Amino acid sequence: MIHTKKLVSFLVAFAVIFLVAFPASAHVTVNPSSSTTESWETYSVKVPVEKDLHTTKVTLKIPSNIEYKMYEAVEGWKVTTSTDDNENVTSVTWEAETKENGIKPGEYRIFTFTAQNPAEAGEIIWDAFQYYEDGSIVEWTGESDSELPHSVTTIEKSGASVDSHGTSVKNESTKANDSDSQSNEESGLHTTLSIIAIILSLIAIALTFIRKK
């Protein structure tokens, strides 16, 4: 009985550590989290609902170092943009035409748009404002370790040139780097699976030991 309690405690601790390491995000997020310079990127804004209320409007600030191009229409939602004196888009707002078209509690919706990344490497900061049906606003404008963080996209220097249609043309060096990156990702996956297999083996051994007792 004592051994069983110890095993249960171990499994609970392991589960807690696992969940802390891979937390579920309920924040307004903009993806992808990384891209390359001068790319014509399709960004997606994921808007989950954390309250027991409908979300009826979302405004996303467009950073000054990217060039907003166009958006994908969403049935039941109207889209408006704000511009500066140079006609550059500074914000995009998605607003439900009726409350019923809003995002319901326990649901999320994804809005997409296209923009061209800057020529210089760095970070793109996405400030977002989420409006609920009662008039309350959640401002996703804080740093990454805050309670209401904004999304960040890291822009890395690209080894590809961009043609007149906005299509990236990779050189041989970039292709080799992409291949190395894929190999590293596969290696990391194999390592993770190996660790999981070892943990499961230890649990199986522990259970066998308990049964013998």
Strands (runs of 3 or more DSSP E) wholly inside the stretch 22-120 that include at least 2 residues being among the hydroxyl-bearing types (Ser, Thr, Tyr) and over 27 Å from residue 136 (Cβ atoms): 34-36
Could you check how many residues of the stretch 126-149 are crowded, with 16+ Cβ neighbours inside 10 Å and either hydrophobic (A, V, I, L, M, F, W, C) or within 27 Å of residue 100 (Cα to Cα) (or both)? 9
Filtering the stretch 128-144 down to residues that are in a loop (DSSP other than H, G, I, E, B) and within 16 Å of residue 33 (Cβ to Cβ) yields 143, 144
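So, in the stretch 66-82, of the ones that are among the aliphatic types (A, V, I, L, M) and surrounded by 14 or more Cβ atoms within 10 Å (Cβ to Cβ), which residue ends up farthest from the chain's Cα centre (by Cα)? Before the answer, list the steps.
Taking the stretch 66-82 as the starting set, the residues that turn out to be among the aliphatic types (A, V, I, L, M) are 66, 70, 73-74, 79.
Applying the additional criterion that residues be surrounded by 14 or more Cβ atoms within 10 Å (Cβ to Cβ) yields 66, 74, 79.
On the way: 66: 18, 74: 20, 79: 22 Å.
The extreme case among them is 79.
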Where residue 123 falls short, out of the listed (1) within 21 Å of the chain's Cα centre (by Cα); (2) in a loop (DSSP other than H, G, I, E, B); (3) among the acidic types (Asp, Glu); (4) at pLDDT 95 or above: (2)
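So in the stretch 83-119, with the set limited to residues that are within 21 Å of residue 51 (Cβ to Cβ) and charged (D, E, K, R), which one is nearest to the chain's Cα centre (by Cα)?
Quick first cut of the stretch 83-119, residues within 21 Å of residue 51 (Cβ to Cβ) only: 93-111.
Then keep just the ones that are charged (D, E, K, R); that gives 95, 97, 99-100, 104, 107, 109.
Numbers: 95: 21, 97: 26, 99: 26, 100: 26, 104: 20, 107: 16, 109: 13 Å.
Of everything passing the filter in the stretch 83-119, 109 is nearest to the chain's Cα centre (by Cα).
With the condition kept exactly as written, say whether any residue in the stretch 150-162 is in a loop (DSSP other than H, G, I, E, B), touching a residue at least 60 places away in the same chain (Cβ under 8 Å) and out of contact with any strand residue (DSSP E or B) (no Cβ under 6 Å at 6 or more places or on another chain).
Narrowing the stretch 150-162 to residues in a loop (DSSP other than H, G, I, E, B): 150, 157-159.
From what is left, the residues that are touching a residue at least 60 places away in the same chain (Cβ under 8 Å) are 157-158.
Now drop any that are not out of contact with any strand residue (DSSP E or B) (no Cβ under 6 Å at 6 or more places or on another chain), which leaves 157.
Yes, the stretch 150-162 has at least one match.
The values are calculated or read from the model by the stated rules, or taken from the named source; none is laboratory data. Being a predicted model, the structure only gives us computed values, none of them experimental. Neighbour counts run over all protein chains shown; Cβ positions are idealised from the backbone, glycine included.
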